[in-house]
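Visitor: Okay, handing you the structure first.
The values are calculated or read from the model by the stated rules, or taken from the named source; none is laboratory data. Please read all numbers here as calculations on a predicted model, not as lab measurements. Positions of Cβ are backbone-derived with ideal geometry, glycine not excepted, and every protein chain shown enters the neighbour counts. Areas reflect the complete protein model, heavy atoms only, side chains present, ligands, DNA and RNA absent. Shrake-Rupley method; radii C 1.70, N 1.55, O 1.52, S 1.80 Å.
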Amino acid sequence: MRSMLVGAAVAAAAVLSPALAQDKAEPAIPRFQVDPFWPKPLPHNWILGQVSGIAVDRFDRIWVVHRPSSLNPRERAAEQNPPEAKCCVAAPPVLVFDQSGNVVKSWGGPGQGYDWPKSEHGIFIDDNDFVWLAGNGKEDGQLLKFTMDGKLVLQIGHAGPIRGSNDTTALGSPADVAVDVAAHEVFAADGYTNRRVIVFDSETGAYKRHWGAYGNKPSDDKTPPYDPAKPASQQFGNPVHCIRIDKAGLVHVCDRTNDRLQLFRKDGTFVAEHIYEKSTRGTGSVYDMVFSPDAAQRFVYMIDGMNGEIRILSHASYEVLARFGRPGRQAGEFTALHNIAIDHQGNIFTAEVNTGQRVQKFRRLDQQD
């Protein structure tokens, strides 16, 4: 009986992107199906708060960072004194899952020698197996670098009053991190208070450079809310929400509330911008993105939290090829979709904040080259 129920659930929860007609010059558009049984139930009576970052390491383990402080007393009823219910207890901020959805590692939280973020936001695993964390609290001005076992390696910047988008000693509620290990550089999407990209030496923490929208000097002067009928803002909006570097060395920056993706060379030279769902207001349409794992990185997977969908783009043209998902709480739907990651098989993993408070896995169904 259980096998019949499982099969029915998976079929009902299928989320597929439309296939492109077969053409020798153009690969088929990837197809995905939600796995409603991933991850497995958390151990130790744990519960997730807002999941504000997700990444995959070279071993295809899935790393998430969540916000224990976002859980309300009812959700943490087992922690009360005396306990008010059998469940639950806030999970540690950093959790690592294997491909089957089992928790295999956990750590994180305030400790000696570093400023743990007041509001966890973003996680990145670099090619040397170091774990980078950021935070978007109002006084989170730091990036943290840890070993995979949670031992501090480096703190860049410091917690405290934020001094603006041209300060070179600290950040301003950074949202995301990308690391160029060959160049020993860490790039930050900075952020929820500041409006820039900033680059540091990933080994020493020394400041290197920073830039704003279009590669210009950033300004913190107040700008009007996004209006699709008006000319594009010459400054990044808040938040500068994601940063990714492709194999060609182009730096991709999510200017979330301005509904755009801007591309730069590593030195900050502006290359191009692409607009998605231009009429979207609210929290914006360009939240996060990853590249497909094939050698040519032929596809870009972009998430849109306001519209609750995943877009599949051509990496060559940045045109939308397909999309899937919608706002909702069923398997394959999204409530406050926030982050995306991808493993070496091309499976997608997503994270949700606000009242979503979950991660989901979408299995890639088609055969890859």
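Visitor: Scan region 67-92 and report the pairs whose first residue is closer than 15 Å to ARG358 by Cα and whose second residue is open to solvent by 80 Å² or more (accessible area, probe 1.4 Å) and of a type in the set (Ser, Thr, Tyr), with Cβ atoms within less than 9 Å and a gap of 6+ or a chain change.
Guide: ALA90/SER69
Visitor: Moving on to the next point. Please enumerate the residues belonging to region 145-163 that are open to solvent by 20 Å² or more (accessible area, probe 1.4 Å) and in a loop (DSSP other than H, G, I, E, B).
Guide: Within region 145-163, THR147, MET148, ASP149, GLY150, LYS151, HIS158, ALA159, PRO161, ILE162, ARG163 meet the criteria.
Visitor: Could I ask something else about it? May I ask you to list the residues in region 94-144 that are part of a loop (DSSP other than H, G, I, E, B) and small (Gly, Ala, Ser)?
Guide: At the first step, the residues of region 94-144 found to be part of a loop (DSSP other than H, G, I, E, B) are 98-102, 108-119, 126-130, 136-141.
If the condition is that a residue be part of a loop (DSSP other than H, G, I, E, B) and small (Gly, Ala, Ser), then SER100, GLY101, GLY108, GLY109, GLY111, GLY113, SER119, GLY137, GLY141 are the ones that fit.
Visitor: Could you list, in sequence order, all residues of region 258-274 that are surrounded by 15 or more Cβ atoms within 10 Å (Cβ to Cβ) and either under 18 Å from TYR301 (Cα atoms) or basic (Lys, Arg) (or both)?
Guide: ASP259, ARG260, LEU261, GLN262, LEU263, LYS266, GLU273, HIS274
Visitor: Moving on. Hey, among the residues in region 275-290 that are in a loop (DSSP other than H, G, I, E, B) and in contact with a strand residue (DSSP E or B) (Cβ under 6 Å, 6 or more places away or on another chain), which one's surrounded by the most Cβ atoms within 10 Å (Cβ to Cβ)?
Guide: VAL286
Visitor: For the list (1) in contact (Cβ under 8 Å) with a residue 24 or more places away in the chain; (2) under 21 Å from the mean Cα position of the chain (by Cα), I need the number of the one condition that SER106 fails.
Guide: For SER106, the exception is condition (1).
Visitor: Just one of the numbered conditions (1) touching a strand residue (DSSP E or B) at 6+ places or on another chain (Cβ under 6 Å); (2) within 24 Å of SER106 (Cα to Cα) is not true of VAL199; which one?
Guide: Condition (2) is where VAL199 drops out.
Visitor: Being out of contact with any strand residue (DSSP E or B) (no Cβ under 9 Å at 6 or more places or on another chain) and either surrounded by fewer than 22 Cβ atoms within 10 Å (Cβ to Cβ) or modelled with pLDDT under 95 (or both): is that true of ASN166 here?
Guide: Details: out of contact with any strand residue (DSSP E or B) (no Cβ under 9 Å at 6 or more places or on another chain): no; either surrounded by fewer than 22 Cβ atoms within 10 Å (Cβ to Cβ) or modelled with pLDDT under 95 (or both): yes.
No, not satisfied.
Visitor: Keeping to region 184-205, report how many residues are closer than 22 Å to PRO161 by Cβ and part of a loop (DSSP other than H, G, I, E, B).
Guide: Taking region 184-205 first, the residues closer than 22 Å to PRO161 by Cβ are 188-198, 200, 205.
In the following step, the residues that additionally are part of a loop (DSSP other than H, G, I, E, B) were identified as 191-195, 205.
Residues in region 184-205 being closer than 22 Å to PRO161 by Cβ and part of a loop (DSSP other than H, G, I, E, B): 6 in total.
Visitor: Looking at region 169-183, which of the residues that are assigned to a loop (DSSP other than H, G, I, E, B) and either of a type in the set (Val, Ile, Thr) or under 20 Å from GLY137 (Cα atoms) (or both) is most open to solvent (accessible area, probe 1.4 Å)?
Guide: Taking region 169-183 first, the residues assigned to a loop (DSSP other than H, G, I, E, B) are 169-175, 181-183.
Then keep just the ones that are either of a type in the set (Val, Ile, Thr) or under 20 Å from GLY137 (Cα atoms) (or both); that gives 169-175, 181.
Details: THR169: 69, ALA170: 8, LEU171: 3, GLY172: 0, SER173: 1, PRO174: 0, ALA175: 2, VAL181: 38 Å².
Ranking the qualifying residues of region 169-183, first place goes to THR169.
Visitor: Is there any pair with a first residue in region 35-62 that is surrounded by fewer than 20 Cβ atoms within 10 Å (Cβ to Cβ) and a second that is at pLDDT below 95 whose Cβ atoms are under 7 Å apart and which are 6 or more apart or on different chains, and what are they?
Guide: What qualifies is PRO36/ALA9; PRO36/VAL10; PRO36/ALA13.
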